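Below is one structure, written out as C-alpha cells; comments come after it.
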Amino acid sequence: MISRARNAWLLAGVLLLVAGALTAVSYVAHWSPCFDGGVRSDLCSHRRDTWLTPPYMADPPDRVPWVVGPVAIASLLAGLAWPVAMMALPLRRAGRVVGTLLALQAVSIGVWSVVSAFTPLIDPEMDISGLWYVGGELLAVALALGMVLSSVDEEKIPLRLVWPVIALVGTTTFGLVRWMAELVVFHGHLGDGYPRPGAGFGMAATLLLCGAALVVRSRLRDRAPSTERRTRATAQP
C-alpha cells in the first residue's frame, strides 16, 4: 500500500512536470515574435489577439501543431495527474465521487484540446460552456473543503491535506479562474483577452512547482508511517 501511494505521488508529479515543460514550450513558441524588441510588430500584435487560451481550440490559420500541440497535450497530462493522485488518497465515498467527476472534467478538457489542436474535427467557432470550463475548479474547491471538514475533530489541519491540494491546483491549471488570473497578471483585460506577451508562463510555472512538490512528496512517503507510530507511542500514557 505504501509503495503504491509513493508511486502514485511520483507519477502524478512527473505528469505535472512534463505538462509544465510542454506548456512553456508552447508559450515560448507562440510569443517568440514579440521577443527581442518585436513587441510592436504586426505578427506580435496578431499573437496577442489570438493567444493560446484553454481549452486549446486552434483557429485554422493558426493550427500549427508545434505551437498549439505541446500545450494541448499538457492539458491532458495535467488532467490525468489527478486520477493518478487519487490512488494515494484514502478518500471517503463522497470524496471519491467528487474526485471522479473532477477527473472526468479535467481529462475531457485535455482530450478536447488535443483533438482540436491536431485535427479539424472540432469547429473552432463552437461555443464552450462556461460551466464545463470552470467545473473542475469548482469541484476541486468542494473536494478540498470536504477534506478539511472531515478533519475538524483534529487539533489542527493535518499536513497530509497539503499534498492533495497541491495536486488539485496542478490538475486544474487550465481552468477558467486560472486563465482570468493569467490575464490580470499579464495586464490583459477580461473583456477583450489581449494580454502582454508572456501570458501563459504563469500556468507553466504552476505546473512545474506542483509537479516538483509531488515528486518530493513521493520521497517522503516511506517515512510517514514510522513517524505516525512514534507519535502515537509518545501520546500513550
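The values are calculated or read from the model by the stated rules, or taken from the named source; none is laboratory data. These numbers were taken from a predicted model, which means no experiment stands behind them. Note: ideal-geometry Cβ built from the backbone for every residue, glycine included; neighbour counts use all protein chains shown. To get the accessible areas, we keep the full protein, side chains included, count just its heavy atoms, and leave off ligands, DNA and RNA. Shrake-Rupley method; radii C 1.70, N 1.55, O 1.52, S 1.80 Å.
Do you know which of the residues in region 99-114 that are of a type in the set (Val, Ile, Thr) and crowded, with 17+ Cβ neighbours inside 10 Å is nearest to TRP9 (Cα to Cα)? Working first, answer last.
The first filter runs over region 99-114 and keeps only residues of a type in the set (Val, Ile, Thr), leaving 100, 107, 109, 111, 114.
Subsequent filtering for residues that are crowded, with 17+ Cβ neighbours inside 10 Å retains 107, 109, 114.
Details: VAL107: 18, ILE109: 22, VAL114: 25 Å.
Top of the filtered list is VAL107.
Exactly one condition in (1) at pLDDT 65 or above; (2) among the aliphatic types (A, V, I, L, M); (3) open to solvent by 40 Å² or more (accessible area, probe 1.4 Å) is not met by ALA235; state its number. Against the list (1) at pLDDT 65 or above; (2) among the aliphatic types (A, V, I, L, M); (3) open to solvent by 40 Å² or more (accessible area, probe 1.4 Å), ALA235 comes up short only on (1). Among the residues that make up region 69-79, is at least one of them among the aliphatic types (A, V, I, L, M), open to solvent by 30 Å² or more (accessible area, probe 1.4 Å), at negative phi and at pLDDT below 90? The answer is no; no qualifying residue exists. For region 117-129, indicate whether the set of residues that are at pLDDT 80 or above and crowded, with 16+ Cβ neighbours inside 10 Å is non-empty. Yes - at least one qualifying residue is present in region 117-129.
For region 80-100, residues that are aliphatic (A, V, I, L, M), at pLDDT below 90 and in a helix (DSSP H, G or I) total 1. Scan region 152-170 for residues that are surrounded by 14 or more Cβ atoms within 10 Å (Cβ to Cβ) and either at pLDDT below 85 or of a type in the set (Gly, Ala, Ser) (or both) and the total you get is 4. Here SER218 meets each of (1) open to solvent by less than 60 Å² (accessible area, probe 1.4 Å); (2) at pLDDT 90 or above with one exception, condition (2).
Looking only at residues in region 9-47 that are buried (at least 16 other Cβ atoms within 10 Å of the Cβ) and aromatic (Phe, Trp, Tyr), the one that is nearest to TRP163 (Cα to Cα) is TRP9.
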